[in-house]
Structure formats: structure tokens, C-alpha cells
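S.K.: Pasting in a structure now, in C-alpha cells, and then I'll have a few things to ask.
The values are calculated or read from the model by the stated rules, or taken from the named source; none is laboratory data. Quantities reported herein were computed from a predicted structural model and do not represent experimental measurements. A quick note on method: Cβ atoms are made from the backbone with ideal geometry, for glycine too, and the neighbour counts reach across all protein chains shown. For the accessible areas, the whole protein counts, side chains as well, though only heavy atoms, and no ligand, DNA or RNA atoms are used. Shrake-Rupley method; radii C 1.70, N 1.55, O 1.52, S 1.80 Å.
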Amino acid sequence: MLDWCEPLEKVKAEGISFGKVACLARCAGAEVEAFRTSETTVDLFRQFVKRCSSSDNCHLVSSYHRAAFKQTGTGHFSPIGGYHAGSDMVLILDVARFKYPPHWVPLTLLWEAMDTVDKTTGQRRGFMLISRPKRDSRLLYTLSCKNEGWVDVVKYLMDDVPHLLRSEDVKDINGILSILLASPPPGFGKFIQWVAEVKREQDGGIGISEEEKQRLAIREELLKQVQDAGFFKYIVNFLSSTSCCGRVPVFGGSGNLHEIAASICRQGAEILSGNSGTSGCSCGHETCVKCMKTDGHKTGMVLSATIVKGKNEEKVNMLVPQSLMELCCGAPDPNNCSSTRPVGSNILTALLLTLPPETWYSIKDEKLREEVQSLVSMDNLPAMLQEQVLHLRRQLYHLKKCQENMLDEILPAPCS
């Protein structure tokens with residue numbers, strides 16, 4: 001799940017830097033506030049420790065050098081599990097429990113251990129606050145680094161596309177789409193993915209809570225906002241034209257929704273059971289599709305699958321917005337899932353809205369440049385879609401820094 005900013009085998013051999021851990025958390029969707037000791041004070045650190053120690057949402061992760069505690073090893077990461085005000089001590093939940101069980105240390109000594117320089121980056125260590133994002137239930141898309149070639153995709157979007165727009169005499173939006181999709185790198189179609197919600201099936205069969213129905217309704221509305229975006233109609237027409245057939249990557253997966261759901265449910269079952277990434281073969285088959293309603297309106301579908309691994313079986317459900325189901329299937333009939341073009345239209349729309357605003361500055365034709373800037377302007381997008389675009393843009397921004405190996409520099413916030 002965490003093989004993004006660095007290959008895990010490299011992390012095992014060499015460790016991972018402060019900046020890349022922060023990037024990894026951000027790319028996984030968490031809210032992250034990262035502080036090097038050179039950017040804050042011990043008193044502010046103490047306030048953050050107190051706040052996170054009394055919260056079930058805020059988690060403080062410390063990056064420190066073990067030598068300050070006379071421990072074996074060098075640079076290390078561990079979360080802080082508690083604070084004792086009377087003695088001004090913090091509880092380190094050492095992740096290397098085979099070496100050191102949870103232990104109390106003076107807060108000032110931990111500060112000294114963090115206020116050391118990582119020789120690999122030349123930067124000071126520090127701490128980061130990690131929390132669940134408030135916008136979590138509104139997300140419909142996320143960027144994925146699970147497929148090989150994501151580094152090339154990031155470079156293509158951030159560097160090559162602006163250069164191509166600058167070098168070509170583009171006259172209309174179809175021309176822009178032709179350039180963008182003419183020769184994308186491998187993995188381009190899988191770079192942006194749906195956010196899938198998978199849960200264990202409870203006793204009594206398929207069913208979802210009111211809160212889950214509301215989340216489906218939010219995603220349903222967000223999908224509608226994507227389809228109402230000005231770029232969407234241009235993309236639909238372009239992908240439907242005969243001129244692009246056979247050379248445009250398929251977005252969102254090449255299988256039908258049933259196959260995609262079975263794969264996602266299989267991954268979800270492994271994560272829920274704590275066996276993600278372990279050896280062994282698991283397989284799944286779909287058992288049921290059920291329509292769910294909120295306030296009398298269809299808002300989503302529940303695709304239920306039975307996952308078999310060895311002698312064990314587990315039933316899991318995947319929650320899908322109703323409109324997304326219809327896009328995949330071309331009709332509300334869940335047994336008719338063949339077309340992926342409509343899915344590609346909404347995913348590609350989200351991806352184009354995600355590109356940094358300066359991407360479009362290099363369009364030579366002034367009228368076209370102004371039209372495109374109006375289509376992608378945050379001021380012209382509904383609030384919910386703005387949140388989605390900003391989330392994807394933050395991910396793209398941090399992946400770019402990861403690709404350039406610049407995560408350990410002090411970086412400004414991504415442009416909105």
C-alpha cells in the first residue's frame with residue numbers, strides 16, 4: 001500500500017527521508033503538517049504533543065536520531081503515544097518493538113534527538129502531524145502510483161505537456177486533446193483511479209448505513225459536477241470521434257465493472273484482514289448487485305463479492321455511485337457492462353482540471369488560451385469539485401517533487 005515515493009526494498013536497505021515520509025502520507029490522502037526543528041520551537045512542539053496525545057484523530061510522528069537515547073541505530077521514525085505533564089515526558093511507541101518496547105523519554109531530550117542533521121539530505125529532522133482529511137467522503141478520484149511508469153506519467157503531465165503546447169500551433173480544444181493523447185507514456189490510463197469504498201458484509205446480508213448512503217450521495221453529486229464541467233463535453237465528443245479510436249488509452253481500467261469490482265473487493269478483503277501484500281492466491285466471484293436509495297432517489301449500487309483464500313471465505317461489499325454504474329454499463333442494467341469510453345470522459349476531465357494553471361500559459365492562440373483558462377478556472381467550479389481538484393493537484397505536486405527527488409527541500413504550498 002505504501003510503495004509510492006520509494007521502492008520498499010530500497011527503504012528496507014537504505015531507510016527513507018523525512019520529506020518522503022510526508023509525501024507518502026499526503027499521497028495516501030492524509031492531512032499532513034510537517035515541521036523541521038529549524039522551522040519551529042520546542043515550546044510549539046510541546047503544544048502539538050499535548051494536542052495529539054488527547055485526540056483520536058491527530059497523530060504525531062517524530063523523526064529522530066537514536067544516539068541521543070543511547071540506543072543502537074541512527075535515524076528513526078516512531079509515533080508519540082502520550083504525554084505526562086508532571087514530568088514533561090513523552091511516550092515513544094517505537095515501531096521496532098523487537099528492539100525497544102514503548103518507552104518514556106524527556107520531551108527536551110526528544111527535541112535534541114530531532115534537532116540533528118540527516119547526512120543524506122543535509123536537512124534537520126523534525127516531526128509531522130498526520131490526521132484524517134475532512135474532505136475524505138467527498139473524494140471520487142485519486143492519483144495512483146501502484147503501476148510501473150508513474151514517474152514518466154508525472155514528468156509527461158508536468159513537463160512535456162506544457163512544452164508540446166508551446167511547440168505546436170494549436171487552434172482549438174480538439175487540437176489540445178490530440179496533443180495530450182497522441183503518445184502518452186505507459187500507465188497513463190491508470191494514473192487516476194476511482195476511490196473505492198469496500199466493507200465487510202454484516203450479518204443479515206447486504207445493507208449500508210445512512211452515513212454510507214450520504215457518502216454515496218456526495219460522490220453522486222461530485223460525479224454530476226464533473227460532467228457539468230465545460231471540458232467534459234469536449235472530451236466526450238473527442239473520445240467518440242473516429243479520429244481518436246484505437247490510440248487513446250482506456251481510463252479507469254479495461255475490464256467491465258463486475259471484473260473491476262471483483263478485483264477491488266479482493267484487495268479490500270486482504271486489507272481488512274491485515275494480509276495485504278502477503279503471499280497466497282485469492283479469488284472472488286460476484287454474488288449480488290443491489291440498488292440503494294436516499295430520500296427516495298437512487299444514489300448507489302452495492303456489488304457484493306465472496307472472496308476465497310484457501311479454506312477461508314469472506315463476503316465484502318463495494319459501494320458504487322449510481323451514475324458511475326450507469327456510465328460503466330451504458331445503462332442501469334448491471335448485466336450490461338462493456339463500454340469504458342464514458343468512464344474515460346469523466347476521469348480525463350478530472351485529470352485536465354488537475355493540471356497546474358500555468359500548463360495552459362504556453363498556448364499561442366490568445367483566444368484559445370483564454371477559453372481554456374476559463375474552463376479550468378477554480379472560480380468557475382462548484383465548491384465540491386474545487387476540493388476534489390485541489391486534492392488531486394496536491395498529490396500531483398508532491399509526486400513531482402518525489403520524481404525530482406526534491407522532497408527534502410523547503411517547499412511552498414501547491415498553487416490553487
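S.K.: What's the carbon and sulfur percent of segment 59-140's accessible surface, probe 1.4 angstrom, rounded to a whole number?
M.R.: That share works out to 55 percent.
S.K.: Report the net charge of residues surrounding Ser53, where surrounding means a beta-carbon distance below 15 angstrom and charges are Lys +1, Arg +1, Asp -1, Glu -1.
M.R.: So the surrounding residues net to +1.
S.K.: Any idea what the relative contact order of segment 8-131 is, in percent, if you count C-alpha pairs under 8 Å spaced at least 6 apart?
M.R.: Reported as a whole number, the value is 31 percent.
S.K.: Something else: Scan segment 30-118 for trypsin sites (Lys or Arg not before Pro) in coil per DSSP, keeping those whose Cβ has at most 11 other Cβ atoms within 10 Å, and list them by number.
M.R.: Qualifying residues, ordered by number: Lys70, Arg97.
S.K.: Using heavy-atom solvent-accessible surface (probe 1.4 Å) with all chains present, what is the largest-first order of Lys367, Lys10, Lys119, Lys213?
M.R.: The residues order as Lys119, Lys367, Lys10, Lys213, largest area first.
S.K.: A further question follows. Rounded, prolate or oblate for segment 8-131? Axes are the square roots of the Cα gyration tensor eigenvalues, ordered a ≥ b ≥ c, and the cut-off for rounded is a/c under 1.5.
M.R.: Rounded, since a/c falls under 1.5.
S.K.: Which order do Met89, Met378 take when ranked by solvent-accessible area (1.4 Å probe, heavy atoms of all protein chains), largest first?
M.R.: Ranked from most to least accessible, the order is Met89, Met378.
S.K.: Continuing with the same structure: Write out the chymotrypsin sites (Phe, Trp or Tyr not before Pro) in segment 98-135 meeting two conditions: DSSP loop, and at most 14 other Cβ atoms within 10 Å of their Cβ.
M.R.: Passing sites in segment 98-135 are Phe98.
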